[in-house]
Amino acid sequence: MIGIAGCGGLGSNCAVALARVGVGKLIIADFDKVESSNLNRQYFFNDQVGMTKVSALKSNISRIDPLIRVEDHHVTLNEINIPVIFKECDVIVEAFDGAEMKQLIMETVLDHMPDKFLVCGSGLAGWGDNSSLTMTVAGKVYVFGDGSNEVSEAHPPLAPRVGIVANMQANQVLEILLGKM
């Protein structure tokens, strides 16, 4: 079972990639709603603007494969509910925008769920420089991205790099689940 913490650019695209390969169950969590400004990089559609991201993503996954079970949580994740929501997961995908939330989930998983794999994204803003997108490994934690290009006005999150990193995350989840680690 796979957990997706955050259903924006990384989370929605990673979840869809996993759905397309027939993953049996996903647990997704996010507090946000779909906005028009999300449509340039997130796996949502115009008619879903205003819906919760977890409801919209669950619907989209169902359209891809109705046999995939999606447990959705419209909630702000914190150190108390992360271990509860993702307790059954073998792998948790970190898909947050902000550094504080990235740190929170990393610390929470390492401190309270050390048996879980954690697949993260960091440094994926802007465009180009594909060769800078790499994987860093520390125990059961995998981090994808360039580690430095954080979102800013000069480096907005754009679909190509966000999608590349989301698919790198999905590919790593498959590698973990299929026992190649």
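When segment 118-155 is examined, which residues are found to be of a type in the set (A, V, I, L, M, F, W, C) and touching a residue at least 60 places away in the same chain (Cβ under 8 Å)?
Leu124
Residues are listed down the side, and each one gets a yes or a no for (1) more than 14 Å from the chain's Cα centre (by Cα); (2) of a type in the set (Gly, Ala, Ser):
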position: Leu133; (1), (2): yes, no
position: Lys140; (1), (2): yes, no
position: Val143; (1), (2): no, no
position: Asn149; (1), (2): yes, no
position: Gln169; (1), (2): no, no
position: Gly179; (1), (2): yes, yes
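So which residues in segment 17-63 are over 24 Å from Asn81 (Cβ atoms) and either in contact (Cβ under 8 Å) with a residue 60 or more places away in the chain or β-branched (Val, Ile, Thr) (or both), if there are any at all?
Ala17, Val21, Asn40, Arg41, Val49
Is there a residue in segment 59-78 that is of a type outside the set (Val, Ile, Thr) and buried (at least 23 other Cβ atoms within 10 Å of the Cβ)? Spell out the reasoning first.
Taking segment 59-78 first, the residues of a type outside the set (Val, Ile, Thr) are 59-60, 62-63, 65-67, 69, 71-74, 77-78.
Filter once more, keeping what is buried (at least 23 other Cβ atoms within 10 Å of the Cβ): none.
Checked against the condition, which is being of a type outside the set (Val, Ile, Thr) and buried (at least 23 other Cβ atoms within 10 Å of the Cβ), segment 59-78 yields no hits at all.
Just to verify a result, which residue in segment 154-181, among those that are of a type in the set (Gly, Ala, Ser) and not in a helix (DSSP H, G or I), is surrounded by the most Cβ atoms within 10 Å (Cβ to Cβ)?
Per the stated criteria, the residue is Ala154.
Any residue in segment 94-108 that's touching a residue at least 24 places away in the same chain (Cβ under 8 Å): show its pairings with residues that are in a helix (DSSP H, G or I) and surrounded by fewer than 21 Cβ atoms within 10 Å (Cβ to Cβ) at Cβ separation under 8 Å, as long as the two are six or more apart or on different chains.
Listed by first residue and then by second, the contacts come to Glu94/Lys102; Glu94/Met106; Phe96/Lys102; Thr108/Pro83.
Look at segment 34-92 and say how many of its residues are in contact with a Phe, Trp or Tyr (Cβ under 8 Å, 6 or more places away or on another chain) and over 16 Å from Gly8 (Cα atoms).
2
Values in this text are rule-based calculations from the coordinates and carry no lab data. From a predicted model like this one, the values you see are computed outputs, not experimental measurements. All Cβ positions, glycine included, derive from the backbone under ideal geometry; neighbour counts span all protein chains shown.
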